[in-house]
Structure formats: C-alpha cells, structure tokens
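Student: Sharing a structure here in structure tokens format.
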Amino acid sequence: MSDQVDITIVGAGVIGLAIASQVAREGREVYVLEKNETFGREASSRNSEVIHSGIYYPKDSLKAKTCVEGNALLYELCQKHAIGHRRISKIIVATDDTEVNELEKLWERGKSNGVEGLRMLSRQELRKLEPNVRAIAAIFSPSTGIIDSWTLMSYFVGKARDNGAHVACRTKVIGIDRMPGGCKVSVEDRDGYFCFATKVLINCAGLHSDEVAGMVGIDLAEAGYKLHYCRGEYFSVGHGKSKLVSRLIYPVPRAGEPGLGIHVNLDLGGRMRLGPNASYVDRIDYKLDDSQKRAFYDLAARFLPFIEYDDLEPEMVGIRAKLDAGGEDFRDFVISHEYDRGLPEFINLIGIESPGLTSAPAIARYVGRQVEEVLSKCSVPSREVESLSSA
C-alpha cells in the first residue's frame, strides 16, 4: 500500500462495497478497509435478504428515495449479472379494524413514494392469493423480492477489483487525523501498525460507524450520531410448513416498536423462517437461544393459523445499528459530506439499517457524486505524505 491513496472506504459491508464498485476506476487508488476476516460478516449477511419496495418510509426521506431507486437498480443488476433473486412479492396483512386503518395509511405512503403496483386486497382477494393466511384486509406489493446478499456483495467486490480497488480484510482503523487536503489514517493489520494519507475518507463502518465519526472529532451527542444496537432473532419453520405460503407475509407495523414486526421470510430455496423481532441491547452478541420462541409463535399465529409451537427452531441473530433509541421519531439515513463541520474530505454514512441492502446501489450513486466533488477540490501536499513514512 502506498503512502497516499485517493479514496479510503472504512467497512466492507454491502454499502461500502457498492460504493467501492461505483468510485473505483483506472488511475485512481481506492482501498476498502475491513476489520473482519472477510467482507459482509455483520449486518449485511444477517438480515432478511429482502428487496424492499419503499412503502414504509416518509416521503422525500433518503430511506424512501434510495429504496425506490435501489429496488429498480437491484433487479437490473441481478438480471444482468446472474445474481440469485426472486421477485416474490409481499402481502402486508391486517387482522383487525385498527390495523386496517394503519394499512390504508401505509398504502397512501407507498403511493406517495412512487412505489408501483400497490393495491389493497379484500379478505376474499387475499384468500385467493394465500389461502392459508388469516386476515381481513391486506396490501399487495408486487415489486418486493428476495436476493442472495452474499452473491450481490461478491459482485460488488469483483467489479471494484476489476476497476483497480483493493479490499484489505483484517485491517482495523484505529485513528484518523486531519491534514491539509485529506486525512492520515492509522490502521492495524496482521503485520502490525502503519498509516497513510487519503484524499477522501468514506465512513461505511456499519455497527461501528459512530466510532469512526468520533475519530475525526465529531461530537456524537451534538450531531445526533450515537448508534443504538437493536437485536433481531429469527426462527426457522419446519415440518413441511414452508410450502403453505408463496410470498413474504408481513404484519402491520406496531406504533412505537423499532422494527416492521415478525414476518414470514422465504429464502431462494423456498425455506420459511420468521423474524426478526427487535430489542435494544448494550453489546453485539450473536448467541442463539430459544427464549423468544413463545412470543414468536403467539405473534405469527395471529395470521398464520397453521403454525404450531413445535414447528419453530432458533436459526440466526442479527444486529441493527439504529439512530433512534426506541420510541423516538423517525430517523433517516445519515449520508453526509461533512463540509459544514470543517471536514471537506470526510463522507459520513451512519444508521444505514433497513432498507440499506435494497438502497445500496442508489446510495453508491449518491456518494459517488459527493466523491467527485471532493476530489475536484482537494490534494495532499507531498511534504505531508513524506512525513507519513516515518510516522
């Protein structure tokens, strides 16, 4: 690795890799730094692998805009590059009159966000589509799908490398210092400690993105960038029950709860699982347990009458990095070129939770435009670069 690079991306999850594939090109030195042994080991591979439509998010929010754009871009990528996916569709179900009112609000929000093909279903129409689901009304979302997230990330890695980018795993950022025209980044890898200069620094560190923002001197409390860990568990559904539904089935989200509710997720092989639930935790812990099995069963049985308690087995745990601490107002993605904080070389991505997987290609385009702006204005003086080799 040279003493000076053009672009450094911290974090090799789906967002960091999508951005690397967007900004890498001949004649430009781009590095992606990942502390884990390989890419995509945290939130990017511990999720429902859903291609969302954009129905849940407030109009004109980054979540809404990047989700709707990313939905179309993902299907295009998948078809062009043989990335495993299915446009499986989704049904959001209401089980009582109160939920019907909330369902109608979701439908209006989805239409205002430009989600195509949404339609309300009566009980009879729902029964024709999903005879084993119990509800009194529903929304049908034809553009919702599922994707092989690992293959998607592998595609982004390949494209980035083909364009000259480097992905350095087992490489942890331990310090960032401002310098004229860029940043000095200090890292640890298997060979020890070293530092280098970068013209542009992009924070895609996911669960640890607030820590990286703190390294450049941002006051996390003042900026509202402090992350809160939200644990989500999944249970698989056995005993041949997977074939009793053919689409993703979601409940109406409950007000004040941090997730979308325990839903039916099908993988590309047709296997069914339920989840995730959502509970705030103080630390990252992926240990499986079955303490939530009764709660999962009770919630799922409201709209899946065929589910039995013994069908459920614990499968996986994921952790979401949320900007709200629970019970707070909507918080949008932070995708900020921190020029106003006196950090013109720093692009900050924090709180990229759901629908981050769907939004990834749209976020990459968005950040790509910011990168071009930074590179057109900055340069690292040679005297500063020379001092790094002896640092």
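Nothing in this text is a laboratory measurement; each read-out follows from the coordinates by a stated rule. Keep in mind the model is a prediction, meaning the values are calculated, not measured. Counting neighbours? That spans all protein chains shown, and the Cβs are built from the backbone with ideal geometry, glycine included.
Student: Give me the extension gain from Lys377 to Asp289: residue separation times 0.36 nm, minus the current Cα-Cα distance, reported in nm with one decimal.
Tutor: Length gained between Lys377 and Asp289: 26.5 nm.
Student: Under a crude label model (7 Å from the Cα following the beta-carbon direction), how far is Glu102 from Arg123 in nanometres?
Tutor: Rounded to a tenth, the inter-label distance reads 2.0 nm.
Student: Now for a separate question. Given contacts defined as C-alpha pairs under 8 Å and at least six residues apart, what's the relative contact order of the range 45-191, whole-number percent?
Tutor: Values: 205 pairs, mean separation 38.9, N = 147.
With pairs under 8 Å counted, the relative contact order is 26 percent.
Student: Give, rounded to the nearest 20 debye, the magnitude of the charge dipole that the range 5-46 has about its Cα centre when Lys and Arg contribute +1 at Cβ and Asp and Glu contribute -1 at Cβ.
Tutor: Its charge dipole is roughly 140 debye.
Student: Taking 0.36 nm per residue of sequence separation and subtracting the Cα-Cα distance, how much length would be gained by fully extending the chain between Ser154 and Asp177, in nm to one decimal? Please report the intermediate quantities before stating the final value.
Tutor: Values: separation 23, 0.36 × 23 = 8.28 nm, distance 3.15 nm.
Here the answer is 5.1 nm.
Student: For the chain, what does the helix formula give at 222 nm: sum of -39500 (n - 2.57) over DSSP H segments with n ≥ 4, over the residue count, nearest 500 deg cm²/dmol?
Tutor: Calculated from helices alone, the mean residue ellipticity at 222 nm is -9000 deg cm²/dmol.
Student: Which lysines does Lys287 reach when only Cα atoms under 28 Å apart count, and residues fewer than 8 places away in its own chain are ignored?
Tutor: Once the sequence-local lysines are set aside, what remains near Lys287 is Lys35, Lys172, Lys226, Lys241, Lys322.
Student: While we're on this one: Could you tell me how far the Cα centroid of the range 311-344 sits from the Cα centroid of the range 132-189, in Å?
Tutor: 14
Student: Name the residue, out of Gly175, Gly27, Gly16, whose mean-square fluctuation peaks in a Gaussian network model built on the chain with Cα pairs under 10 Å.
Tutor: Comparing Gly175, Gly27, Gly16 in the GNM, the peak value goes to Gly27.
Student: Relative contact order, percent, of the range 130-201 when contacts are C-alpha pairs under 8 Å separated by at least 6 residues?
Tutor: 17
Student: Could you put Thr358, Thr98 in order, starting from the residue whose Cβ has the fewest other Cβ atoms within 10 Å?
Tutor: With the fewest neighbours first, Thr358, Thr98 line up as Thr98, Thr358.
Student: Sorting Arg369, Arg109 on the 10 Å Cβ count, fewest up front, what's the list?
Tutor: Least crowded to most crowded, the residues run Arg369, Arg109.
Student: Counting only DSSP beta bridges with both residues in the chain, what percent are antiparallel, rounded to the nearest 5?
Tutor: Antiparallel: roughly 70 percent of the beta bridges in the chain.
Student: Arranged from highest to lowest average of other beta-carbon atoms within 10 Å per residue, in what order do the peptides 244-250, 64-70, 309-315 appear?
Tutor: The peptides rank, most packed first, as 64-70, 244-250, 309-315.
Student: I've got another one for you. Once amide H atoms are built 1.01 Å from N in the peptide plane, which residues 5 or more positions from Ile9, or in another chain, come under 5 Å H to H?
Tutor: Tyr31, Val32, Leu33, Ile202
Student: Can you sort Trp107, Trp150 from fewest to most other Cβ atoms within 10 Å of each residue's own Cβ?
Tutor: Working: Trp107 19, Trp150 16.
Taking fewest neighbouring Cβ atoms as first place, the list is Trp150, Trp107.
Student: With a point put 7 Å past each Cα toward its Cβ, work out how far Lys111 is from Glu315 in nm, to one decimal.
Tutor: 3.4
Student: Can you list, bin by bin at 10 Å, the percent of alpha carbon pairs in the chain, starting at 0?
Tutor: 5, 23, 32, 23, 12, 5, 1, 0
Student: Zone of Glu308 (label point 7 Å along Cα→Cβ, backbone N under 18 Å): which residues in the range 223-244?
Tutor: Residues 236-244 fall inside that zone.
Student: Classify the range 8-52 from the C-alpha gyration tensor, please: rounded if a/c falls under 1.5, else prolate or oblate depending on whether a/b exceeds b/c.
Tutor: Details: a/c = 3.83, a/b = 1.63, b/c = 2.35.
Because a/c hits 1.5 or more and a/b fails to exceed b/c, the range 8-52 counts as oblate.
Student: Give me the one-decimal nm value for the distance between modelled label points at Glu328 and Ala168, 7 Å along each residue's Cα-to-Cβ direction.
Tutor: 3.3
Student: Another question, then. Relative contact order, percent, of the chain when contacts are C-alpha pairs under 8 Å separated by at least 6 residues? Can you show the working numbers first?
Tutor: On the way: 875 pairs, mean separation 95.5, N = 391.
Relative contact order of the chain: 24 percent.
Student: Taking the Cα centre of the chain as origin and charging only Cβ (+1 Lys, Arg; -1 Asp, Glu), how large is the dipole, in debye to the nearest 20?
Tutor: Details: 49 positive and 55 negative charges, 227 e Å.
Roughly 1100 debye, rounded to the nearest 20.
Student: Would you grab the residues whose amide H sits under 5 Å from the one on Leu121? Only those 5+ places off in sequence or on another chain, please, with H modelled 1.01 Å from N.
Tutor: Residues meeting the amide H criterion: Ala138, Ile139, Phe140.
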